[in-house]
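Notes for the one structure printed next.
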Amino acid sequence: MKNSYQYGIGRARSLEAHLLTSQQIERMAGAEGFEAAFTVLTETPYAETLPKLKQAFDFEELYQLEMIALEKLLLNLSLNNPVMVAIFEKREYATNPFAVDQHYFANLQKVCAVSQSPLIQNFVKHKIDAINLKSLLRSRDKEELKAAFITGGLLDLELITALFGKGLEEIASRLSFSPYFPAIKTTSPHLFERQLDDFILNQFKRAKYLASGLEPLVGFYLAKELELKTIRFILICKKNHVKNKEIGERVRFSYA
């Protein structure tokens with residue numbers, strides 16, 4: 001019998017209500033300086049973690065502490081479900097960072113293939129495609145792109161390599177047959193990556209309305225991880241004196 005995870009879902013629902021609002025994200029992005037942006041977190045649930053920082057305003061340690069807490073929570077709520085275990089098992093399989101991702105997703109695909117959840121299975125495929133498309137933008141040549149390629153997505157290696165060196169408008173056009181169109185359509189590399197992340201989170205929003213199964217817990221994981229990445233991104237930008245308008249254009253979509 002399929003585990004309903006009713007307690008875990010109820011807990012996740014209550015925690016979702018305390019995710020940062022778009023207004024709080026906007027306040028951080030529009031704050032005058034790094035410390036002012038960081039101070040916004042004192043008015044949120046992150047205020048409980050801030051006193052644990054060894055050094056004040058250390059957002060990298062904040063990110064790590066929150067991810068550790070998230071892993072502990074979700075493994076507990078999911079009763080150590082193999083899918084959730086696999087999600088958090090991004091270990092150092094090899095010194096080559098490409099090999100790390102490839103091994104990680106190979107294991108995640110294997111576990112999710114037997115999950116009987118199309119939503120979770122598609123999440124893995126979309127995540128793989130997002131990483132391959134980001135590699136497409138970042139790779140210096142086709143050989144590097146091929147080395148970074150992860151199998152198992154909806155977009156194959158032949159298509160990805162054929163898009164190498166093309167402009168974003170043409171890349172978006174060539175994806176018109178895929179689920180990513182028209183969600184992903186921009187001429188800005190930064191917005192392109194944001195739209196990929198937004199697409200994945202949007203696809204999982206339907207999990208908010210499920211009353212049983214693992215999907216709502218995976219949905220909360222995605223939302224919380226993206227929130228943490230958004231916080232870290234804003235604070236890095238503030239440290240480097242990036243203009244508020246540029247930060248606002250690149251912040252991530254809200255799951256709340």
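The values are calculated or read from the model by the stated rules, or taken from the named source; none is laboratory data. None of these values were measured; they are calculated from a predicted model. Glycine also receives a Cβ, built like all others from the backbone with ideal geometry; neighbour counts cover every protein chain displayed.
Only one of these conditions is not met by VAL85: (1) outside any loop (DSSP other than H, G, I, E, B); (2) in contact (Cβ under 8 Å) with a residue 60 or more places away in the chain. Which number is it?
(2)
Can you find, within segment 172-183, the residue that is nearest to the chain's Cα centre (by Cα) among those that are in a loop (DSSP other than H, G, I, E, B), under 18 Å from ASP156 (Cβ atoms) and without any contact (Cβ under 8 Å) to a residue 24 or more places away in the chain?
PHE181
Would a scan of segment 218-237 turn up a residue that is free of Cβ contacts under 8 Å to residues at least 12 places away in the same chain, among the charged types (D, E, K, R) and not in a loop (DSSP other than H, G, I, E, B)?
There is no residue in segment 218-237 that is free of Cβ contacts under 8 Å to residues at least 12 places away in the same chain, among the charged types (D, E, K, R) and not in a loop (DSSP other than H, G, I, E, B).
What is the residue count in segment 194-212 for residues that are more than 24 Å from LEU62 (Cα to Cα) and touching a helix residue (DSSP H, G or I) at 6+ places or on another chain (Cβ under 8 Å)?
The number of residues fulfilling the criteria is 12.
What is the number of the single condition among (1) over 29 Å from VAL83 (Cβ atoms); (2) part of a helix (DSSP H, G or I); (3) among the aromatic types (Phe, Trp, Tyr) that PHE164 does not meet?
(2)
Go through (1) surrounded by 15 or more Cβ atoms within 10 Å (Cβ to Cβ); (2) under 16 Å from the mean Cα position of the chain (by Cα) one by one and return the number of the condition LYS208 breaks.
(2)
Please go through segment 238-255 and pick out each residue that is of a type outside the set (A, V, I, L, M) and either crowded, with 21+ Cβ neighbours inside 10 Å or in a loop (DSSP other than H, G, I, E, B) (or both).
LYS238, ASN240, HIS241, LYS243, ARG252, PHE253, SER254, TYR255
Quick grid of which residues meet (1) within 15 Å of the chain's Cα centre (by Cα); (2) within 17 Å of ARG194 (Cα to Cα):
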residue: VAL111; (1), (2): no, no
residue: GLN116; (1), (2): no, no
residue: VAL124; (1), (2): yes, no
residue: SER135; (1), (2): no, yes
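Results for (1) over 18 Å from VAL251 (Cβ atoms); (2) at pLDDT below 95, shown as yes or no for each residue.
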residue: ALA17; (1), (2): yes, yes
residue: THR21; (1), (2): no, yes
residue: GLU26; (1), (2): no, yes
residue: PHE34; (1), (2): no, no
residue: LEU41; (1), (2): no, no
residue: TYR46; (1), (2): no, no
residue: THR49; (1), (2): yes, no
residue: LEU53; (1), (2): yes, no
residue: ALA56; (1), (2): yes, yes
